[in-house]
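Undergrad: Let me give you the structure first, and then I'll get to my questions.
The values are calculated or read from the model by the stated rules, or taken from the named source; none is laboratory data. Since the structure is predicted, the reported quantities are computational estimates derived from the model, not experimental observations. Every residue, glycine among them, receives a Cβ derived from its backbone with ideal geometry; neighbour counts consider all protein chains shown. Heads up: the accessible areas ignore ligands, DNA and RNA and are worked out on the full protein's heavy atoms, side chains in. Shrake-Rupley method; radii C 1.70, N 1.55, O 1.52, S 1.80 Å.
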Amino acid sequence: MTFSLRFFFALGILLLFGPSPAPALQTKDGRELSSTAERGIRYNRQGDIIVDAAAKKLNYSKNQMKDKRKMLPANLSAQMAADISQTSFVADPAWFYAPFGSGIGTSNIVVEKNREVPEIYLGGSTSTFGMNNYWYVLRYVPSANEYRQMYVSQYFSAGIRRIRVANVVGDSAMEIIVALADGRILLYNQATRKLLKDIPTAADGLTGMDVADINGAGPNELILCTSDHLYVYSGAGELKWHMVVTEASDVVVAQMDDDKALEIAVTGGQVIDSATKSVQWTWSDGFGNILKAADIDGDGRKELIAAEGWYFVCAYDVEQKLQKWSIPTDLDVDALYVGDIDNDGVQELIIGDGQWGALHAYNAETQTEEWSINNPDHGVTAIAVADVDNDGKPEILWGAGASSTGPDHLRIADLTTRQTEWASIHLDGPFIGPEKGDLDGDGVPEIVVASWASESGYGSGRILVFSARGSLRAVSGEIAGGLAWTGTHDLKLRDVDNDNRMDILVAADRLHDGVIEVYGFDTANDFTLKWTNNTRPFGAVFYSVEAVDIDSDGSMEIIAGAGREHTGAEGVFLHVYDYATRNEKWHSTQMGGYWDAITAVGLDDIDMDGKKEIVGMVSSGGAYIFDGPSKELEAILPGENTAMRIRGQSIIFGDAAGDISINRYQSESGSYAEVFRRNYIPGPIDGFTISPNGYFWIGSGGVLFTIAKSTGETLWKSADYGTMFGRRTAFFCGSNLFVSSGSNGIIGFRSQCADWGK
């Protein structure tokens with residue numbers, strides 16, 4: 001090969017000055033397309049960068065942060081919505097799996113034995129920086145060497161402020177006490193998790209809760225605080241007394257002086273005598289942000305331990321009305337724990353750093369640091385110490401990562417070696433699925449779902465495989481090599497290689513270019529990537545997927561529906577790939593509007609001409625029908641639809657008004673027409689499934705409804721399990737089990753009506 005002098009001159013000019021800058025690509029919300037480096041940047045609650053584009057971790061001083069407004073990054077939003085009432089069940093959840101969520105432990109981490117087995121009670125959030133809006137129970141499973149969820153609650157959009165386990169009803173059983181930000185107190189039986197009471201209180205804007213037998217007559221009372229008020233309620237919901245306080249973000253009750261009455265301390269600096277119901281001492285500077293009480297000097301009464309927002313943890317002798325000591329800290333303090341963790345008769349104080357840092361253990365008598373454990377995440381929500389795996393040795397538990405946009409984890413470490421024994425994985429909902437099918441060829445179907453993303457959105461979605469009984473068999477690695485920037489959008493189970501085993505198909509993107517991946521799964525619980533498309537549409541994310549031999553040539557095709565992610569994208573097309581070669585065979589004309597996405601794809605011989613049609617629904621609501629073999633456009637059905645199913649010769653839509661409509665081909669006119677429409681629910685339909693017996697199972701607003709098609713009667717509805725719950729439902733006839741998923745996780749119900757799942 002030869003090159004002229006003109007070539008080298010032109011090359012030199014290009015290298016010196018560079019090409020003319022191309023117009024910046026913009027995403028659908030008007031932002032300039034992010035680079036790989038920008039995607040790795042993480043923020044704290046105030047919007048400050050805490051991990052920069054070079055992966056450097058950053059901390060801030062009090063002066064640097066004190067004047068900053070409490071605001072979120074522009075691309076994040078806190079979840080604010082009105083709570084709904086507890087719904088009544090005719091079918092109870094039979095098994096559960098929820099994402100551990102963001103803000104793990106923000107409402108507390110509690111360890112108590114239930115029938116002699118240690119259980120961990122804590123909460124998670126479905127949004128970054130959100131309050132806990134569901135709670136769950138973990139138990140250690142020795143055979144699997146892991147902690148599994150035994151229970152997952154419904155979704156509470158008011159937010160969970162505190163979780164405790166104590167006896168407030170007065171019987172022999174313990175209650176799980178869940179305090180919501182709107183002042184509602186929910187009491188659950190610890191053994192059965194059944195809701196016993198839903199107590200409305202005046203503590204709207206609740207900031208703290210403690211439980212104690214205030215009058216010494218039993219049972220325990222509920223001591224609640226808001227920023228400016230203190231309330232004492234009985235377990236029956238009776239308001240016993242209340243008073244005005246100041247700046248109360250936390251409350252603690254203990255015997256802190258030499259009289260018989262318990263003392264109640266709030267962070268604003270007031271200590272209240274519970275007998276006289278009056279302030280007996282005020283510390284004018286306030287007690288900081290977090291309160292604990294413990295007898296740290298062996299004098300028979302407890303001292304008040306308080307963490308200031310920055311730089312100090314202090315102990316106060318309430319009897320003497322004096323500060324006892326202070327421990328300086330390098331940064332802000334996020335969490336405190338006080339207890340004799342090594343059984344040497346001396347209380348230890350464990351402090352959790354509020355930024356990148358560690359957990360520090362101090363001798364409460366000498367104030368010397370005994371040890372520390374590095375915390376790989378940003379901040380600490382709560383700390384607990386207990387023997388959670390029943391091995392006779394205590395572990396230390398902490399929630400971490402809540403104060404940043406990065407991933408959140410529950411971490412459990414051996415208290416002797418201080419090495420991490422277990423950490424939760426961070427999966428981000430909503431979950432796509434469930435799909436039901438035999439993956440490993442043993443004749444028994446599995447349940448498959450995929451998370452939208454992982455690692456608080458910094459990682460790609462992952463595939464979860466469950467047994468029909470609800471046991472989690474495996475979690476895959478991140479799809480698309482960890483580069484699915486817009487998330488996982490669709491999941492199907494299809495036997496693409498005719499080996500009598502279902503394969504897992506996922507629709508997503510890789511660096512904003514559309515990607516379909518096909519995974520196999522075996523009896524060893526291993527995932528194998530079997531297929532992906534060779535040619536990927538630039539800037540066009542795949543939102544839907546199907547697989548079928550569309551032209552009856554004996555070769556499988558993969559059909560994918562795209563959506564434009566940025567202004568450089570090719571368009572909103574249906575793409576057909578040859579499974580054997582992995583290459584594109586055809587793509588459609590532009591479908592819908594410029595920023596539309598093809599959110600559903602269906603296939604069947606709808607016009608009964610012996611050939612399958614491809615039906616694609618776009619996000620603006622219309623549907624396009626193509627002849628499968630010829631790919632000719634046969635019809636466009638207008639509408640404002642939000643969900644679609646193909647059943648035989650029927651194209652069934654759900655829409656934003658809560659209607660279900662059916663369209664069929666009319667041979668006499670040679671066109672498609674609506675033949676049925678009825679309103680079934682008052683709100684938008686997020687998705688629906690039709691059981692074999694013809695019932696509609698509709699997801700709307702986080703609730704799953706079972707509705708009779710002929711009468712429109714609602715036969716059953718679930719509690720609120722979070723955004724997009726009920727989009728799909730899978731049925732298991734033999735056990736009368738039905739399973740659905742959403743942002744709050746995967747919930748399986750055992751039906752009381754024998755024909756529902758058939």
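Undergrad: Considering only residues of the stretch 628-651 that are assigned to a loop (DSSP other than H, G, I, E, B) and within 37 Å of the chain's Cα centre (by Cα), which is surrounded by the fewest Cβ atoms within 10 Å (Cβ to Cβ)?
TA: Pro638
Undergrad: I'd like the full set of residues that are more than 28 Å from Thr523 (Cβ to Cβ) and polar (S, T, N, Q), limited to the stretch 410-441.
TA: If the condition is that a residue be more than 28 Å from Thr523 (Cβ to Cβ) and polar (S, T, N, Q), then Thr416, Thr417, Gln419, Thr420 are the ones that fit.
Residues are listed down the side, and each one gets a yes or a no for (1) open to solvent by 100 Å² or more (accessible area, probe 1.4 Å); (2) outside any strand (DSSP E or B); (3) at pLDDT 55 or above; (4) within 23 Å of Gly459 (Cβ to Cβ):
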site: Ser20; (1), (2), (3), (4): yes, yes, no, no
site: Ala24; (1), (2), (3), (4): no, yes, yes, no
site: Gln46; (1), (2), (3), (4): no, yes, yes, no
site: Ala55; (1), (2), (3), (4): no, yes, yes, yes
site: Ala94; (1), (2), (3), (4): no, no, yes, no
site: Glu112; (1), (2), (3), (4): no, no, yes, no
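The rows are residues; the columns are (1) closer than 22 Å to Pro118 by Cβ; (2) open to solvent by 20 Å² or more (accessible area, probe 1.4 Å); (3) in a strand (DSSP E or B).
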residue	(1), (2), (3)
Ser157	no, no, no
Val165	yes, no, yes
Val169	no, yes, no
Ile177	yes, no, yes
Gly183	no, no, no
Thr192	yes, yes, no
Lys197	no, yes, yes
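Undergrad: If you don't mind, another one. I'd like the full set of residues that are under 18 Å from Ile351 (Cα atoms), open to solvent by 10 Å² or more (accessible area, probe 1.4 Å) and of a type in the set (S, T, N, Q), limited to the stretch 250-297.
TA: Asn289
Undergrad: Filter the stretch 472-488 for residues that are touching a residue at least 60 places away in the same chain (Cβ under 8 Å), assigned to a loop (DSSP other than H, G, I, E, B) and not aromatic (Phe, Trp, Tyr) and give the result.
TA: Answer for the stretch 472-488, where residues must be touching a residue at least 60 places away in the same chain (Cβ under 8 Å), assigned to a loop (DSSP other than H, G, I, E, B) and not aromatic (Phe, Trp, Tyr): just Thr486.
Undergrad: Tally time: how many residues in the stretch 220-279 are more than 33 Å from the chain's Cα centre (by Cα), acidic (Asp, Glu) and within 17 Å of Ile185 (Cα to Cα)?
TA: Residues that pass the stated criteria total 1.
Undergrad: Here is a further query. Which residue is surrounded by the fewest Cβ atoms within 10 Å (Cβ to Cβ), if the candidates are limited to the stretch 403-425 and must be part of a loop (DSSP other than H, G, I, E, B), in contact (Cβ under 8 Å) with a residue 12 or more places away in the chain and more than 14 Å from the chain's Cα centre (by Cα)?
TA: Going through the qualifying residues, I end up with Thr416.
Undergrad: Let me spell it out: the conditions are (1) among the aliphatic types (A, V, I, L, M); (2) under 24 Å from Asn132 (Cα atoms); (3) at pLDDT below 95, and Val232 meets all of them except one. Which number is the exception?
TA: (3)
Undergrad: Mind listing whichever residues of the stretch 121-144 are assigned to a loop (DSSP other than H, G, I, E, B), open to solvent by less than 20 Å² (accessible area, probe 1.4 Å) and touching a residue at least 60 places away in the same chain (Cβ under 8 Å)?
TA: Within the stretch 121-144, just Asn133 meets the criteria.
Undergrad: Can you find a residue in the stretch 662-676 that is within 30 Å of the chain's Cα centre (by Cα) and of a type outside the set (Lys, Arg)?
TA: no
Undergrad: Just to check your reading of the model, which residue among Thr368, Thr329 is more than 23 Å from Ala423 (Cα to Cα) and modelled with pLDDT under 95?
TA: Thr329
Undergrad: Within the stretch 310-368, considering only strands (runs of 3 or more DSSP E) that don't extend past its boundaries, which have at least 1 residues that are surrounded by fewer than 22 Cβ atoms within 10 Å (Cβ to Cβ) and charged (D, E, K, R)?
TA: 310-317, 322-339, 348-353
Undergrad: For the stretch 511-609, give me every one of the strands (runs of 3 or more DSSP E) that falls completely inside it and has 3 or more residues that are without any contact (Cβ under 8 Å) to a residue 40 or more places away in the chain and surrounded by fewer than 17 Cβ atoms within 10 Å (Cβ to Cβ).
TA: Once the strands (runs of 3 or more DSSP E) in the stretch 511-609 are filtered for at least 3 residues that are without any contact (Cβ under 8 Å) to a residue 40 or more places away in the chain and surrounded by fewer than 17 Cβ atoms within 10 Å (Cβ to Cβ), what remains is 527-532.
Undergrad: Sort through Gly654, Gly621 and tell me the only one that's open to solvent by less than 60 Å² (accessible area, probe 1.4 Å), of a type outside the set (A, V, I, L, M, F, W, C), outside any strand (DSSP E or B) and within 20 Å of Met724 (Cβ to Cβ).
TA: Result of the check over Gly654, Gly621: Gly621.
Undergrad: When you scan the stretch 369-382, how many residues do you find that are open to solvent by 60 Å² or more (accessible area, probe 1.4 Å) and aromatic (Phe, Trp, Tyr)?
TA: Total meeting the criteria: 0.
Undergrad: Then there's this: Could you give me the residue pairs with C-beta distances under 7 Å whose first residue belongs to the stretch 386-397 and is assigned to a loop (DSSP other than H, G, I, E, B), whose second residue is open to solvent by 50 Å² or more (accessible area, probe 1.4 Å) and basic (Lys, Arg) wherever it lies, and which are 6+ apart or on separate chains?
TA: Filtered contacts from the stretch 386-397: Asp387/Lys393.
Undergrad: Another question, then. In the stretch 691-718, which residue that is more than 27 Å from the chain's Cα centre (by Cα) and part of a strand (DSSP E or B) is surrounded by the most Cβ atoms within 10 Å (Cβ to Cβ)?
TA: Among residues in the stretch 691-718 that are more than 27 Å from the chain's Cα centre (by Cα) and part of a strand (DSSP E or B), the one surrounded by the most Cβ atoms within 10 Å (Cβ to Cβ) is Ile707.
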